[in-house]
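Report on the following structure.
The values are calculated or read from the model by the stated rules, or taken from the named source; none is laboratory data. Nothing here was measured: the structure is a model prediction, and the numbers come from that model. Please note: Cβ atoms are built from the backbone with ideal geometry, for glycine as well, and neighbour counts cover all protein chains shown.
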Amino acid sequence: MAYEKQTWIPHIVDPNKPLIDPKTGKQAIDPNTGRVLWQPVQEGTRFTPGRMNHMEEGIEQAHILIEQLAKEWGGNFVASPNGAAGFQFSHDGLTVSWTAGIAYVNGRRFEVPAGSMELNPTQGQYIYLDTDGTMKKTTSQATAEAGLLLWYFATDASQVITSTDKRKIITPDTYAKKEEVVMKEPGKGLSTNDYSDTEKGKVASHETRLQKIEEEMGEGTPFQTTVLPGMNIITVPRSTPFNVLNIKGRTLINLLGRDGNCESLTNLSSHLNVNVTATLDSTNKSIGSKSIKVTLNAGATSGNTVGAFFNLPSTTANDYYIFIGEIKNGNATQARIGLPNVGNVYSMFATDTTKFTTVYKKFIPQTSSSTYVALMVEGAEGQYAYFDALRLYKISEAEYNAIDNMTPEQIAQRWPYVDDIKGVRNPYIIRYGKNILPPFTEWTLHANTKVQSSYELKHTKTTTGTYEASIFRLPAVAGQTYTIAGDIELSGIVGSSGQTATVEIYGFDKNGNYVSLVDNWINENGQSKVSYTVPSNVTHIEGRLTVNANVTGTVTFKNPMLNIGDTPLPFEPQNNDYIFIDGTFHGMNGVSDEIVVRDGKVSGKLKRFEEIALDGSLSWEFFMDSAGWKVVRTKIPTGRWPYNIYTHVMTKYDGKVLVNKNADTFTAADLFDLYVNDYVYISIADTDSGWPEAWAGATLAKATYTTLTRDATAVDMIKAYFNGWKWDEANKRWFPINNPASYSSDVDYVTNPSNAGAYPYRLLYQLATPVEVPVTSEGEISLHEGDNLLEVGTGVVRREHANPGLSLPRYWINANGLQSTWFKNRAEKILAVYKNEIIDKSWTIWTNTITGYGLSEAGVLTTDYDPTAAYSASYIVLDKYLYTAPLLDLQCEYKTKLAGVVSELAQDQADTKTDVDMIKAQYARKQQGPWVPAVLLNGWVNYKESFATAGYMKDEFGFVHIKGTIKSGVTTAGTVITTLPKGCRPKEKREIVTACFSPASVALLSIYPTGDIVADIVPYNTWLSLELKPFLAEQ
């Protein structure tokens, strides 16, 4: 109803004519105000409540009209009355600031002053103006768009890495332009008589749509962003391909070697302070299988309990270092670590008795000196603390300066513990589907459940007293909201009190301690759903399907869905994308290996560093002898010369860093040098090698050393050492450096690199000239519209050969009780099992299980197993400290414009067609690799001209074929018939039955990982068949 204006008339009096009060005969006085009264000339309008309410209603109607106009014509927008829009954002670290501005939210006008707020680290978040006029942040796009969405920011641990302007700005001429389109002069065909207001609105809507279409027609510049190790959220307006731009290598060198893993007391016992006792503890540990427990002895008091650790290489004056460890306080007052000889370097104290906490100290030595590690406990007699994962890293000045702004968790993530020297190895990215939950076959299921289908689980509960749940655990993003939902059907329920079953989310910290939960119990058929915003101290969440402790009966859970955001999405099965990259990427002193990307795909590595395992496979020479140590040498096997004489790092079998002497003469053990003659020289302590002081490279003759299987030359002695074997002069044999209880006198055995007794020495150096080398990558990623959860990490192993073993009713891979099925590394999670290089969905994968070698195993029913097939598996390594350094970050990009997405998809299709055509052409002209004649040994020769000659061939699938008929050789057990080259050798010994003559008999041959084909049982040598069963070449 339109507002009706009322006219107000002023009250006018004649000041010369007083109004006389007839009672008193004097001038009248107003009893309410005390004012004298005069005769009126004009009566004014009365001031009444009705008239005032009429005014209030008019004001209210005006405001409603303004809000309606704002909603209808602009919605939620930033007003720009003078052409300059407010709410311009800037950022410094994790702080964002904005300029003052005028905004309309749901029709209400707000004048917002300039201000700032702190963003959450490692998160994507939206800044918006809420309906109450308050600036807020959220991870939910829907929540932000319910108000006025202003800006989007993505952060890492310490700063903003991407920002996007999301403002809708309206200027004074916005509606004038709309009026020009619709409100033409009468008679021109587009007058107000021709179109109703509704139709004009449609025209305005068409204009907006056309404008959006025009914006999408250009391909635009791809949006580049940085993702960090762990979980990341990327929000995109539409589905689009995701491309990796760059991965830069880094190298972590733990100056403590492997002693910092606290798995042994060998280097600690001789240095203990009298006030403490050190023992190994297998229950409380941060990495590996043990920690060192330091306990205060009788009479010990607070402040004087120092346990001195092993000696270290010298720290260099004026360089930058960080010393880090993990401590769990048992019952002491407090504990810490230190380097007493380096200017009294001590970490902060640890007091937490529930978990291991990270302690550290950065320092700059004033002088170059050697030191030792102190494990310090303060308290009273019998009190103790646990120490683990000790590491000392040399760092850059920039890293040193950034430490004060980092949390202990960020420091632990950037500089985790590693054994000796590690580069970034086998990085990966996994984009989880909208449904983060996998099929039930990958859950940790309660014993009372039975999987009905991939996403249907029947739980039959027969007793009361305990809650029963099936669980799936995954890493979480702090500050992010997750929503879980699932359908629940109840049958035969007894004992319910309103809480029968629920879907729920549990949160746990980095040490696995419970933090909080949310649930939504129901007592009838229907959907249970609940949202959980991850607290800052939660690193993992569990999706749980739980039946109440007080009930019995059957509960069927169907279609569980866990998605990003505070609103449940429609159910869909998990559909993950991934990119796996094979390769190790090193980096030191501002120089790093990088990936090479062509046509949006990872095709190679720009290699700037060479890493070499110095084992017994190299050509070693004895060089010189000195009192207490000896020098040996070998040529750089790659032929690639270093950048300069200062960019080398070498570690020995225990991970200790050797000193690069950069001089012409050796003066002690544990030195190394690279000369311009391509030789690597290493000095070795007699106490490490076991070589006698008097030995100077002479052959140990079997006639004198009767326990040996043959003469041991100087080369044999050196090869055995670099394979991890220490010479025992007293017993004339070798024992593994890491296992003195074992031993061998077999010269050929200890010189074979396959029989390593310890880790090899390793050499890392920068190349004089970078080279591009091929790198294998697998998979592609596309982002779906909305929020995408990406996991970034290192340590993925692609398609490792698997050796399934039988334990009824299944064949198993990586089962803890079947050592023959183990992977080369303990597995955190098996990603897929392949049968003849094709993914095999019949295998069930278990994660977070104690029955796997690590945390994961796979099994298949015997009815689905093919004994003739070649199986392999991809998995993520559990013990990262043994395998890889972490990434610092990963650069990537994606298209945001529709035309850009279409263009990239079209190019991908063309590239795919080209690849398929090339494969077809190669397959069409594919010929088997040539047969290579075998070099026969020990008297064996080819049988007859009309028979196949001895030879081998590796086919396109990697299988080695051997052919031929031979005769006349030595048949003694252990005789080598021929040796296969590298690239044609099995990983494990292969025993193969064949035939020999005369008379016709069965023969047994073995093919060793060294390539040797050996006669085990060959009764006759008139002829011997080498038509052997093909095997997969694995090394």
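Under the condition of being touching a Gly at 6+ places or on another chain (Cβ under 9 Å) and modelled with pLDDT under 85, the residues counted in the stretch 933-961 number 2.
With respect to the conditions (1) surrounded by 13 or more Cβ atoms within 10 Å (Cβ to Cβ); (2) within 42 Å of the chain's Cα centre (by Cα); (3) not small (Gly, Ala, Ser), Thr687 falls short on a single one, namely (1). Screening the stretch 745-782 for residues that are assigned to a loop (DSSP other than H, G, I, E, B), over 27 Å from Ile595 (Cα atoms) and of a type outside the set (Ser, Thr, Tyr) and picking the one that is modelled with the lowest pLDDT gives Gly757. Pairing residues of the stretch 221-249 that are under 21 Å from Gln159 (Cα atoms) and not assigned by TED's automatic domain parsing to the domain that holds Glu409 with residues that are modelled with pLDDT under 90 and among the aromatic types (Phe, Trp, Tyr), at Cβ distances under 6 Å and at least 6 apart in sequence or on separate chains, gives Phe223/Tyr894.
Among the conditions (1) at pLDDT 90 or above; (2) in a loop (DSSP other than H, G, I, E, B), the only one that Phe622 does not satisfy is (2). Checking each residue in the stretch 76-106 for being without any contact (Cβ under 8 Å) to a residue 60 or more places away in the chain, surrounded by 19 or more Cβ atoms within 10 Å (Cβ to Cβ) and not aromatic (Phe, Trp, Tyr) picks out Gly86, Gly101, Ala103, Val105. Is it true that some residue in the stretch 442-460 is under 30 Å from Gly495 (Cα atoms) and among the acidic types (Asp, Glu)? Scanning the stretch 442-460 turns up at least one residue that is under 30 Å from Gly495 (Cα atoms) and among the acidic types (Asp, Glu). For the stretch 956-978, filtered to residues that are among the polar types (S, T, N, Q) and more than 46 Å from the chain's Cα centre (by Cα), the residue that is nearest to Pro933 (Cα to Cα) is Thr965. Scoring Tyr811 on the criteria (1) within 24 Å of the chain's Cα centre (by Cα); (2) in contact (Cβ under 8 Å) with a residue 40 or more places away in the chain; (3) over 22 Å from Asp582 (Cα atoms) leaves a single failure, condition (1).
Does Thr821 qualify as being crowded, with 21+ Cβ neighbours inside 10 Å, touching a Pro at 6+ places or on another chain (Cβ under 7 Å) and more than 20 Å from Asp582 (Cβ to Cβ)? Taking the combined requirement at face value, the residue satisfies it.
Within the stretch 994-1021, the set of residues being crowded, with 19+ Cβ neighbours inside 10 Å, under 19 Å from Val941 (Cβ atoms) and in contact (Cβ under 8 Å) with a residue 24 or more places away in the chain comprises Cys996, Leu1005, Asp1012, Ile1013, Val1014, Ala1015, Val1018, Asn1021. Residues that are farther than 18 Å from Gly951 by Cβ and not hydroxyl-bearing (Ser, Thr, Tyr) within the stretch 962-989 comprise Val970, Ala973, Gly974, Lys987, Glu988, Lys989, listed in sequence order. Scan the stretch 382-437 for residues that are more than 16 Å from the chain's Cα centre (by Cα) and of a type in the set (S, T, N, Q) and the total you get is 6.
Looking at the stretch 638-676 only, could you name the residues that are among the aliphatic types (A, V, I, L, M) and either closer than 23 Å to Tyr721 by Cα or at pLDDT 85 or above (or both)?
Matches in the stretch 638-676: Val649, Met650, Val657, Leu658, Val659, Ala668, Ala669, Leu671, Leu674.
Taking Pro18, is it modelled with pLDDT of 75 or more, surrounded by 10 or more Cβ atoms within 10 Å (Cβ to Cβ) and more than 60 Å from the chain's Cα centre (by Cα)? Yes: the conditions hold for Pro18. Taking the numbered list (1) at pLDDT below 90; (2) β-branched (Val, Ile, Thr); (3) not in a loop (DSSP other than H, G, I, E, B) in turn, Ile322 passes all entries but (1). Across the stretch 55-86, which residue is nearest to Val13 (Cα to Cα) among those that are outside any loop (DSSP other than H, G, I, E, B) and modelled with pLDDT of 75 or more? If we take residues in the stretch 55-86 being outside any loop (DSSP other than H, G, I, E, B) and modelled with pLDDT of 75 or more, then Met55 is nearest to Val13 (Cα to Cα).
At pLDDT below 85 and either closer than 11 Å to Tyr386 by Cβ or assigned by TED's automatic domain parsing to the domain that holds Glu399 (or both): does that describe Ser347? Criteria not met by Ser347. Regarding the stretch 735-743, can at least one residue be identified that is modelled with pLDDT under 95, surrounded by 19 or more Cβ atoms within 10 Å (Cβ to Cβ) and not in a loop (DSSP other than H, G, I, E, B)? Checking the stretch 735-743: at least one residue is modelled with pLDDT under 95, surrounded by 19 or more Cβ atoms within 10 Å (Cβ to Cβ) and not in a loop (DSSP other than H, G, I, E, B).
Here Thr863 does not fit the description of being surrounded by fewer than 21 Cβ atoms within 10 Å (Cβ to Cβ), of a type outside the set (A, V, I, L, M, F, W, C) and in a loop (DSSP other than H, G, I, E, B).
Does Phe672 count as buried (at least 21 other Cβ atoms within 10 Å of the Cβ), out of contact with any Pro (no Cβ under 8 Å at 6 or more places or on another chain) and in the same structural domain as Phe623 (by TED's automatic domain parsing)?
So Phe672 passes the test.
So, of the residues in the stretch 937-946 that are surrounded by 15 or more Cβ atoms within 10 Å (Cβ to Cβ) and part of a loop (DSSP other than H, G, I, E, B), which turns out to be farthest from the chain's Cα centre (by Cα)? Applying the filter and picking the extreme gives Tyr943.
If you check Val747, Val715, Val771 for being closer than 30 Å to Lys607 by Cβ and of a type in the set (A, V, I, L, M, F, W, C), only one passes: Val771. Considering the stretch 576-601, the residues that are at pLDDT 90 or above and part of a loop (DSSP other than H, G, I, E, B) include one that is surrounded by the most Cβ atoms within 10 Å (Cβ to Cβ), namely His586.
Every listed requirement among (1) at pLDDT below 85; (2) assigned to a helix (DSSP H, G or I) is met by Gly260 save one, (1). For the structure I just gave you, tell me whether Glu828 is among the acidic types (Asp, Glu) and farther than 30 Å from Pro237 by Cβ. Criteria met by Glu828.
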